[in-house]
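The values are calculated or read from the model by the stated rules, or taken from the named source; none is laboratory data. None of the values given here were measured: they were computed from a predicted structure. For neighbour counting, all protein chains shown are included, and Cβ atoms are generated from backbone atoms with ideal geometry for every residue, glycine included. Note: accessible area is taken over every heavy atom of the protein model, side chains too, but ligands, DNA and RNA are not part of it. Shrake-Rupley method; radii C 1.70, N 1.55, O 1.52, S 1.80 Å.
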Amino acid sequence: MKSPKAIYILIGVFCVFAIIAGVYAEFFVSEQDKPSIIVPTLNNEGENTVKELTQEEIKAQFSSLFNNQFEFGDYDTTNIEKINENENIVYTAASIEQKKENYEININLPAINITGDVPASFNNITQTIFVNKATEIINTEVANKTIYSVSYEGFINGDILSVVIQSTLKEGNNPQRVIVQTYNYDLVTGEKVEASKLLSQKNIIQSDCQKKINSTIQDAQKQAQTLVQSGYTVYNRDLTSSMYLLSNISTYFLGPNGNLYIIFAYGNQNFTSEMDIIWYE
C-alpha cells in the first residue's frame, strides 16, 4: 500500500499537469480545435446519460435556422449544371415586403438553380404553395386583413442538398397557420433523397426512429389534453393517423452539422401553428 505522502505527491503532480494543460488550451489551441463539452446527467440508477433536448428547445432551434441564406460551406458547385449561371444553386428568386391596408407580406422565395426534372418539380411546389398564395393576397381585395411571411434556408451535407421553407399565414379571424416544406436532393445522382436514406446515412435504425416518433407524439398529445382540461383550445393529434408512419413522412431535411429534422407541421393542412419535431444530432 502506498503511503499517504506518496499519494499526496501524485495528486500534486496531476494538479500541475492539469493547470499546464488548461493554460495551453486557453492560449495555444484554437476554438475550432477545442473539444466540445457534453454535460452528463444521472438517471435513476446513477448512470451517466446525455440530456435530451425538449420539444420547446428543438422548436426554438428550428425557428432560428431561417435567414434566407444558402449554407454550402466549401462544397464545390462549379460542376453542377445551372439554369442561371449568374446565381448560386440555391438563391432568393423573389424578395417582397409590402404593407397595405388589407395585407402585410414579407416573403423571401428560394429557387433551386439546377437543371433537371427533380429540381424543377421542387420549384413547381414552391410556386404552387407559396408564390400563388402571395399573388392571391396582393391581387385580391379582402375585407379581413392578411399577414403572410415566407423564409427559407439551404444546406449541403455531404452530397445532399436540403432546402427548408417556412411560412406563417394569418387570415382575418382564423388561427395562424405555420406551413413547412422541405426538399432533399442528391447532387451526385440527381435524385430526390428519401427519409430512409438519411436515416441509414446517420446509422439510425428505422424501428428505433418509429418508436421515437410514437413516443414524441404521445407525449405531445398528453400535454395537449392537460391544457384542454384547463380550458385551453389546442390542436388535437390523431395518434392512429398514418401520417406518423415512417414510410409516409414527407417533411424532413439535414440542417447545420448534418442534424436531421423530421417535421410534423399540422399547419400544412389545418389552421394551426402547432408542430412536432423529431431531431437527431
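Numbers below:
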| read-out | value |
| --- | --- |
| Single residue of region 170-185 satisfying the filter (in a strand (DSSP E or B) and of a type outside the set (S, T, N, Q)) that is most open to solvent (accessible area, probe 1.4 Å) | K170 |
| Any hit, region 45-52, residues being modelled with pLDDT of 90 or more and open to solvent by 100 Å² or more (accessible area, probe 1.4 Å) | no |
| Members of region 136-151 that are in a strand (DSSP E or B) and of a type outside the set (S, T, Y) | I147, V150 |
| So T226, is it β-branched (V, I, T), open to solvent by 50 Å² or more (accessible area, probe 1.4 Å), assigned to a loop (DSSP other than H, G, I, E, B) and at negative phi | no |
| Count of residues meeting criterion [touching a residue at least 12 places away in the same chain (Cβ under 8 Å) and open to solvent by 70 Å² or more (accessible area, probe 1.4 Å)] in region 195-207 | 2 |
| Residues satisfying the stated conditions in region 72-92, i.e. closer than 17 Å to G258 by Cα and modelled with pLDDT of 95 or more | Y75 |
| Complete set of residues in region 208-223 that are open to solvent by less than 70 Å² (accessible area, probe 1.4 Å) and in contact with a helix residue (DSSP H, G or I) (Cβ under 9 Å, 6 or more places away or on another chain) | C209, Q210, I213, N214, T216, I217, A220 |
| Pick from region 70-106, criterion β-branched (V, I, T) and under 30 Å from A143 (Cβ atoms), ranking: surrounded by the most Cβ atoms within 10 Å (Cβ to Cβ) | I105 |
| Check on F130, crowded, with 17+ Cβ neighbours inside 10 Å, in a helix (DSSP H, G or I) and touching a residue at least 24 places away in the same chain (Cβ under 8 Å) | yes |
| Scan of region 152-167 for residues that are open to solvent by 10 Å² or more (accessible area, probe 1.4 Å) and part of a strand (DSSP E or B), ordered by number | I156, N157, Q166 |
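The rows are residues; the columns are (1) outside any loop (DSSP other than H, G, I, E, B); (2) among the β-branched types (V, I, T); (3) in contact (Cβ under 8 Å) with a residue 24 or more places away in the chain; (4) over 26 Å from S273 (Cα atoms).
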residue	(1), (2), (3), (4)
C209	yes, no, yes, no
I213	yes, yes, yes, no
A220	yes, no, yes, no
T233	no, yes, no, no
